[in-house]
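Comments concern the structure below.
Where a number appears in this text, it was derived from the coordinates with a stated rule and is not lab data. Values in this document were obtained by computation on a predicted structure and should not be read as measured data. Positions of Cβ are generated from backbone atoms using ideal geometry, with glycine treated the same way; all protein chains shown enter the neighbour counts.
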Amino acid sequence: MPLAIDVGQRVLVYNPSHGWTVAYFVRAQQTNDNKLQILTCRLSNCHHKPTSQDHYRYPPERVALNDSIGENVNVGTRVLCMPSGDADTSRYIDKPLRGIIAEQPSNNNNQRYLIFADSDAPFYLRSTAIRLLLEPLSNYLSKVDSGTKQYIENYVLTYPKRRLVNVAVKDHINIELNGQWVDAIVSKVDASLMRVFLPVINKHEWLYRGSLRLQPLFNSPSTYEPPCKRFASDKQPTTNDSKCCHFLLIPLNHGWKRQIRNDLGTIVYASPCGQMFTDGERLHAYLYQTNSSLSIRQFTFDMNCRVTQKFLSSTTVYVNLDDYALGKDKVPLMLINEIDSSLPKPFEYTTERIPLTSDIVIDQTNTHGCTCTDGCLDTTKCACWQKIYDGIIQSHYYEDLIGSLKELFGQSTDEDDDRHNNLDEMRFFLYDALSKRNLGYRHGRLLEKIHSGIYECNGKCKCDSRCTNRCVQFGLNTLLQIYHTSEKGWGVRTLYDLPAGTFLSFYSGEILNDADANRRGLEKTMGDVYFTALDFLTSLKPIPLQRKLKAITQKDQSNDETNFYHDNQQQLFSDQISEIQRNENNHTSIEDKTTLSDSNKALLDHQLANYDSGIYVMDAHYKGNVSRFYNHSCSPNVFVQNVFIETWDVRFPWVAFFTATNVKAGTELVWDYSYEVDTVENRVLHCRCGSDECRHRLL
């Protein structure tokens, strides 16, 4: 509740049958659906129990303070305006009206407030007739159309800077009326308001002199004007900028401002030329139209994300390396040890995925490119986005969603309608419906895992780096720190706050076939501690048919690996390889009599048609990157996503890591290894994640 209010204080409440009446405040509470509710009573000294039926419940937009406001109420404040005489207002008000403060009292407006009424023309009113509503502006904006929302947001953010037409009495001006420009004659000017006479309907109307219904303002130059374009072209971010600082700080280092507006319930970005943005859609379009080298990925509207606060260790540091990757990543990768002076076991740092033998061939001829020239903003027309949507439509993971959407399509067409049996019409209907959900990248972030895979735009596409469907291919751009944990060996934490869906890194290393993986898994000097399976093929199958090779990226989570892994360490890998190999070769398990749906069978046949069904593994033992240090947690804040970029060869997805939640600076980045207890005979693996939801055993 945005206002301070005392128990027993007089308020005005609105009831449709009685209008605005006096009551007394009891308390504010949250409903089951997380909405604010105001409890009031008709008695000034309420003696009823908290659950009493004598309490009346109202939403905040129906409750106002009974006292009049002062002389310094902020623009954008929600208010209730009471009926007042002609002497106090620019026009007569015969009933209470809700609205927002649009202008504060001054000598120019005769010490009155300008009110933008919710459902009436604007007017001036003195403070004695104005009451404060308990409704915040953000709540009101959530219920209006997008055009009104954008106009009010920009007005509040840029006030007192405004564009007003200069007019005088008897001037002619074109105004919008029912979608048409009509001639009007100015009959009165009152500060920021003017009254016009419209001969076409023989009526007077009050208008705000900054209204877009006035043709001179409607036809004013575009918001993307040369001053912004000059900045975008003449003062571009350099390579060194992104190399040295947190990616969310780059816009701020180039003249942008980021404001946390609690009154609006949003983040506001202000460009160097004064443009205001409160949502990613408009900001992305602006960056594209001004040809800016800044990316939408460098902005976040998450109010819980503090982009400027860096984590600093408060303990003694024995080892402090500025860049453990030695320049091989796009940003420095710090490493510190606050426990002793040891370092991780030596390995070659690489950001590549390297086939171990020449017989492992990653087919790069099977990709196709999109023809988009708009940065792939219209995802329904982008060939790469369509491949993502096709995978979702055919995947068993989304059967319920796709089934319900198909029902909606059927309901929207008659059986006699040509569209009813038109598969292309249904397909584009599904594309459009999926594009409105958080499936795939949204403003450079992935908010939920796409089980059927992400197909990023690639070198064959006509789009450029500003494309909405490019992310993992840019590599690490987040400032991370490898550090020595007290219980789990080496781990990774973020130095800055990260919003949900932020790309972290992908798993690099050597790609092994099953024979080489078995051989390395049996070697005592190596084992399977840095293995991760490229198991996208098995994930395509319905759950009863899956014999997934679990991601074996288990690191040396203690200084003595033999304390953490039991003697038959190699058994985990070799048993799973053989079991999955059998299931992959046969496509379905003899034990599971489940039959694949036609769509899933078609998808599997299509995916497997040109490839052998062997299992491939990424091994980061000798060569790898920061991803080899991510630890397990039963309460993960990171998830894994299969991504295809330079190839659509389903045997070789990029294994990418994204934040599952908003992650605060200094927090360890952890993911769920998803092992199943007792799946490997004579093998026990205890969990040391320490979370409240710890399962205590991994195997």
Near the amide H of Leu476, under 5 Å away, which other amide H atoms are found, from residues 5 or more places off or on another chain, if H is placed in the peptide plane?
Lys330
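Tell me, in nm to one decimal, what length is gained between Asn422 and Arg162 on full extension, where the rule is 0.36 nm per residue of separation less the Cα-Cα distance? Walk me through the numbers on the way to the answer.
Working: separation 260, 0.36 × 260 = 93.60 nm, distance 5.17 nm.
Length difference between fully extended and current span is 88.4 nm.
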So, with points 7 Å from each Cα along the Cβ direction, the Val182-Leu217 label distance in nm works out to 1.9 nm
List the residues of region 265-308 whose backbone N lies under 15 Å from a point placed 7 Å from the Cα of Lys257 along the Cα-to-Cβ direction.
267-278
Label-point separation (nm) for Lys330 and Thr365, each offset 7 Å from Cα along Cα-to-Cβ?
3.1 nm
Approximate spin-label separation Ser341-Glu281, in nm, with each point projected 7 Å along Cα-to-Cβ:
5.9 nm
Nonlocal amide H pairs with Leu80, under 5 Å, H built at 1.01 Å:
Arg131, Leu132, Leu133
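Calculate the FRET efficiency for Phe197 and Thr667 from the Cβ-Cβ distance with a Förster distance of 60 Å, rounded to the nearest 0.05. Numbers along the way, then the final one.
Details: r = 64 Å, r/R0 = 1.07.
The formula returns an efficiency of 0.40 here.
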Let me make sure I get this right: for region 621-688, a, b and c are the square roots of the gyration tensor eigenvalues over alpha carbons, sorted descending. Under 1.5 in a/c it's rounded, otherwise prolate if a/b > b/c, else oblate. Which is it?
oblate
Using the Karplus equation 6.51 cos²θ - 1.76 cosθ + 1.60 (θ = phi - 60°), what ³J(HN,Hα) coupling, rounded to whole Hz, does each residue of region 498-506 give in order, writing x for Gly and Pro?
10, x, 4, x, 6, 6, 9, 6, 10
Using 0.36 nm times the number of residues separating Cys694 and Ser314, minus their current alpha carbon distance, what extension gain do you get?
134.0 nm
Report the FRET efficiency, 1/(1 + (r/R0)^6), for Glu523 and Arg306, where r is their Cβ-Cβ distance and R0 is 41 Å, rounded to 0.05.
0.35
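Round to the nearest 0.05 the FRET efficiency obtained for Thr21 and Asp145 when R0 = 41 Å and r is the Cβ-Cβ distance.
Working: r = 31 Å, r/R0 = 0.75.
Using R0 = 41 Å, I get an efficiency of 0.85.
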Going by how many other Cβ atoms sit within 10 Å of their own, how do Cys370, Cys384 line up, fewest first?
Cys370, Cys384
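Can you pull out the GluC sites (Glu not before Pro) in region 338-380 that DSSP calls coil and that have at most 13 other Cβ atoms within 10 Å? Present the calculation step by step, with values, prior to reporting the outcome.
Details: sites: Glu338, Glu348, Glu352; in loops: Glu338, Glu352.
Sites meeting the loop and neighbour criteria: Glu352.
May I ask you to list the chymotrypsin sites (Phe, Trp or Tyr not before Pro) in region 64-124 that are in a DSSP loop and have at most 12 other Cβ atoms within 10 Å of their Cβ?
Numbers: sites: Tyr92, Tyr113, Phe116, Phe123, Tyr124; in loops: Tyr92.
Answer by residue number: Tyr92.
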For region 312-329, Karplus couplings with θ = phi - 60° (6.51, -1.76, 1.60), whole Hz, Gly/Pro x
10, 5, 9, 9, 5, 10, 8, 10, 9, 10, 5, 8, 5, 7, 6, x, 7, 9
For a quick check: with amide H placed at 1.01 Å from N, whose amide H comes under 5 Å from Arg91's, ignoring anything fewer than 5 positions away on the same chain?
Tyr124
Taking 0.36 nm per residue of separation and subtracting the Cα-Cα distance, what length does fully extending His204 through Asp94 add?
37.9 nm
Karplus ³J(HN,Hα) for region 683-699 (6.51 cos²θ - 1.76 cosθ + 1.60, θ = phi - 60°; Hz, whole; x = Gly/Pro) runs 10, 10, 10, 8, 9, 10, 5, x, 7, 5, 9, 4, 8, 6, 9, 8, 10
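Please arrange Thr659, Thr316 by counting, for each residue, the other beta carbons lying within 10 Å of its beta carbon, fewest first. Intermediate values should be presented prior to the final figure.
On the way: Thr659 24, Thr316 7.
Ranked by crowding around the Cβ, least crowded first: Thr316, Thr659.
Classify region 172-218 from the C-alpha gyration tensor, please: rounded if a/c falls under 1.5, else prolate or oblate depending on whether a/b exceeds b/c. Provide the component values of the computation, followed by the final result.
Numbers: a/c = 1.95, a/b = 1.12, b/c = 1.75.
Cα axes put region 172-218 in the oblate bin.
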